[in-house]
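The values are calculated or read from the model by the stated rules, or taken from the named source; none is laboratory data. Fair warning: this is a prediction, and the values are worked out from it, not measured in the lab. Note: ideal-geometry Cβ built from the backbone for every residue, glycine included; neighbour counts use all protein chains shown. Protein only, heavy atoms only, side chains kept; ligands, DNA and RNA dropped before computing areas. Shrake-Rupley method; radii C 1.70, N 1.55, O 1.52, S 1.80 Å.
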Amino acid sequence: MPLTRLDHFSVRTADVEGTKAFYETVLGLRNGERPQFPFPGAWLYQGDRAVVHIIGIDPKDPSGLQEYLGDRGGNGQGTGSFDHIAFVATDFEGMRKHFTELGVPFRHRSVPGLALEQLFVTDPNGITVELNFPS
C-alpha cells in the first residue's frame, strides 16, 4: 500500500480570516467548497485540490471541534516538532516581487549543489511555508 502523494495539510487557528487571507493573498490559493463541519474553517485550493484545510478554534465554544476531531489542546500557534510545509512553485522573481509589494517578510536560500532556489514565508500562525523553484 504505497503512498502516492501528499493530499493536504491542516492549520488550527483562532484567526480563520487572517489565515485564509494569507494563503489567498500571499500564496495565491483560492477559497472553495468545504463540508459543513461543526466548527469554523475554510478549504483553500490549488487548482482543483483543497491543499490547505483551515480549522477554526472557537475559544468561546470549542465543542464542535472537540467532538469532531478530538481535543488535542494547544493554542493554535507555532509548529511544535513539525518544521515546515513546502510547495513547488514557478516564477521566482515574480514571487519575490509579490512578497516585497505586500510587505511580507521572506528569506531566500540557494540549495548548494542543486539548481534550486527557495523562498520561505511565515503564516499568521507561525507556520513556515517553503517555496521551491527548480531552475
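Which residues, taken from region 1-14, are surrounded by fewer than 17 Cβ atoms within 10 Å (Cβ to Cβ) and within 19 Å of residue 127 (Cα to Cα)? Can you show your working first?
Residues of region 1-14 surrounded by fewer than 17 Cβ atoms within 10 Å (Cβ to Cβ): 1-10, 14.
Listed by number, the residues that qualify are 6, 7, 8, 9, 10, 14.
Assess whether residue 37 counts as being assigned to a loop (DSSP other than H, G, I, E, B), modelled with pLDDT under 95 and either farther than 16 Å from residue 121 by Cβ or open to solvent by less than 100 Å² (accessible area, probe 1.4 Å) (or both). Even if it seems obvious, please write down each step before you answer.
Values: assigned to a loop (DSSP other than H, G, I, E, B): yes; modelled with pLDDT under 95: yes; either farther than 16 Å from residue 121 by Cβ or open to solvent by less than 100 Å² (accessible area, probe 1.4 Å) (or both): yes.
Yes.
To keep it simple, each residue is scored yes or no on (1) of a type in the set (Val, Ile, Thr); (2) at pLDDT 90 or above.
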site: 14; (1), (2): no, no
site: 26; (1), (2): yes, yes
site: 42; (1), (2): no, yes
site: 75; (1), (2): no, no
site: 91; (1), (2): no, yes
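For residue 44, only one of the following conditions fails: (1) in contact with a Lys or Arg (Cβ under 9 Å, 6 or more places away or on another chain); (2) open to solvent by 20 Å² or more (accessible area, probe 1.4 Å); (3) closer than 22 Å to residue 95 by Cβ. What is its number?
(2)
Per-residue answers, yes or no, for (1) at pLDDT 90 or above; (2) not β-branched (Val, Ile, Thr):
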site: 9; (1), (2): yes, yes
site: 33; (1), (2): yes, yes
site: 51; (1), (2): yes, no
site: 58; (1), (2): no, yes
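Here are some conditions: (1) modelled with pLDDT under 90; (2) open to solvent by 70 Å² or more (accessible area, probe 1.4 Å); (3) touching an Asp or Glu at 6+ places or on another chain (Cβ under 9 Å). Residue 82 meets all but one. Which one does it not meet?
(3)
Take region 78-135 and flag every residue that is of a type in the set (S, T, N, Q) and over 11 Å from the mean Cα position of the chain (by Cα).
To start, the set of residues in region 78-135 that are of a type in the set (S, T, N, Q) comprises 79, 81, 90, 100, 110, 118, 122, 125, 128, 132, 135.
Answer for region 78-135, where residues must be of a type in the set (S, T, N, Q) and over 11 Å from the mean Cα position of the chain (by Cα): 79, 81, 90, 100, 110, 118, 132, 135.
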